[in-house]
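Student: A single structure is presented below for examination.
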Amino acid sequence: MQPRAVPAPPGIDLWLVEGIATESERSLLQGLLSEDERARASAFKVEDARASFIVSRGLLRTILGDALACDPASIRLQEGEHGKPSLGGMHAQSGIEFNVAHSGDVFLYAVSRGRAVGVDVERKKEGMAVEAIAQRYFAPEEARRLLEQAPSEQRVPNFYRCWTRKEAYLKAKGTGLTTKLDEFEVTFLPDEPPAMLRTEIVGEDPHDWQVFDVAVPEGYVAALVARR
């Protein structure tokens with residue numbers, strides 16, 4: 001499995017990996033993991049989940065090893081209060097920020113220097129009750145726009161654009177779902193440029209963040225959010 005670069009804003013590298021790792025590839029990637037990561041992998045009861053964790057972390061170490069010009073196995077990773085990974089040890093002051101997303105057979109990685117970044121990728125699922133999900137979790141104005149301002153056949157792609165942009169923002173902030181999805185709004189209609197529109201989060205200014213679409217394979221939707 002070879003990461004390939006996809007178009008990204010200046011100062012940010014985006015790497016996309018597609019497909020299912022072979023047994024030999026997974027073994028090589030597992031060899032890069034720390035003892036703690038191997039223990040976490042062993043704790044997964046579902047084989048697919050275990051394999052995805054090994055591949056995701058092994059590829060992350062490979063990409064970070066290139067960025068840091070060091071042995072991927074030597075990298076120390078740590079997690080923040082809400083689970084966002086970052087560099088520790090000798091590389092803690094390197095200024096490199098990164099984020100990871102995974103869905104289906106697609107892994108997405110963002111690496112930057114000095115800019116908080118977040119990515120999200122989702123495989124589109126047919127038959128999802130997107131209207132009900134939007135009304136429950138999105139900001140009221142987002143839900144209204146999803147239901148009223150575009151033909152019904154556009155609701156699924158509009159929903160996924162909204163969802164991935166919101167998730168990428170929360171991952172960039174490092175708060176995850178401890179911040180509610182209805183506390184801020186993003187654009188998502190096809191004729192709108194990606195952007196943060198409004199926020200009720202104390203201390204946050206929507207103009208401090210940039211939102212980008214990411215080129216991913218057919219059937220997937222992805223977004224990148226970066227602090228200006």
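The values are calculated or read from the model by the stated rules, or taken from the named source; none is laboratory data. The structure displayed is predicted, hence computed values, not measured ones. Neighbour counts are summed over all protein chains in view; Cβ atoms, including those assigned to glycine, are modelled from backbone coordinates with ideal geometry. Each accessible area value is taken on the protein alone, full model and side chains, heavy atoms only, with ligands, DNA and RNA left out. Shrake-Rupley method; radii C 1.70, N 1.55, O 1.52, S 1.80 Å.
Student: Can you name the number of the only condition in (1) assigned to a helix (DSSP H, G or I); (2) within 19 Å of GLY80 (Cβ to Cβ); (3) in contact with an Asp or Glu (Cβ under 7 Å, 6 or more places away or on another chain) that GLU142 fails?
Tutor: The failed condition is (2).
Student: Within the stretch 198-216, take every residue that is over 18 Å from the mean Cα position of the chain (by Cα) and under 24 Å from VAL100 (Cβ atoms) and give me the one that is surrounded by the most Cβ atoms within 10 Å (Cβ to Cβ).
Tutor: Taking the stretch 198-216 as the starting set, the residues that turn out to be over 18 Å from the mean Cα position of the chain (by Cα) are 198-208.
Narrowing further to those that are under 24 Å from VAL100 (Cβ atoms): 201, 204, 208.
Numbers: ILE201: 14, GLU204: 16, ASP208: 12.
Checked the stretch 198-216; the qualifying residue surrounded by the most Cβ atoms within 10 Å (Cβ to Cβ) is GLU204.
Student: Can you find, within the stretch 167-197, the residue that is least open to solvent (accessible area, probe 1.4 Å) among those that are touching a strand residue (DSSP E or B) at 6+ places or on another chain (Cβ under 7 Å) and without any contact (Cβ under 8 Å) to a residue 24 or more places away in the chain?
Tutor: Out of the qualifying residues, it is ALA195.
Results for (1) part of a helix (DSSP H, G or I); (2) exposed (fewer than 15 other Cβ atoms within 10 Å of the Cβ); (3) of a type in the set (A, V, I, L, M, F, W, C); (4) under 15 Å from the mean Cα position of the chain (by Cα), shown as yes or no for each residue.
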| residue | (1), (2), (3), (4) |
| --- | --- |
| ILE54 | yes, no, yes, no |
| ARG57 | yes, no, no, yes |
| THR62 | yes, no, no, no |
| ALA73 | yes, yes, yes, no |
| GLY83 | no, yes, no, yes |
| ALA110 | no, no, yes, yes |
| ASP120 | no, no, no, yes |
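Student: Anything in the stretch 18-52 that is over 21 Å from the mean Cα position of the chain (by Cα), of a type in the set (Gly, Ala, Ser) and over 17 Å from MET1 (Cβ atoms)? List them, or say none.
Tutor: SER34, ALA39, SER42, ALA43
Student: Among the residues of the stretch 190-214, write down those that are aliphatic (A, V, I, L, M) and either at pLDDT 95 or above or not in a loop (DSSP other than H, G, I, E, B) (or both).
Tutor: Kept after step one, since they are aliphatic (A, V, I, L, M), are these residues of the stretch 190-214: 195-197, 201-202, 211, 214.
ALA195, MET196, LEU197, VAL211, VAL214, listed by residue number.
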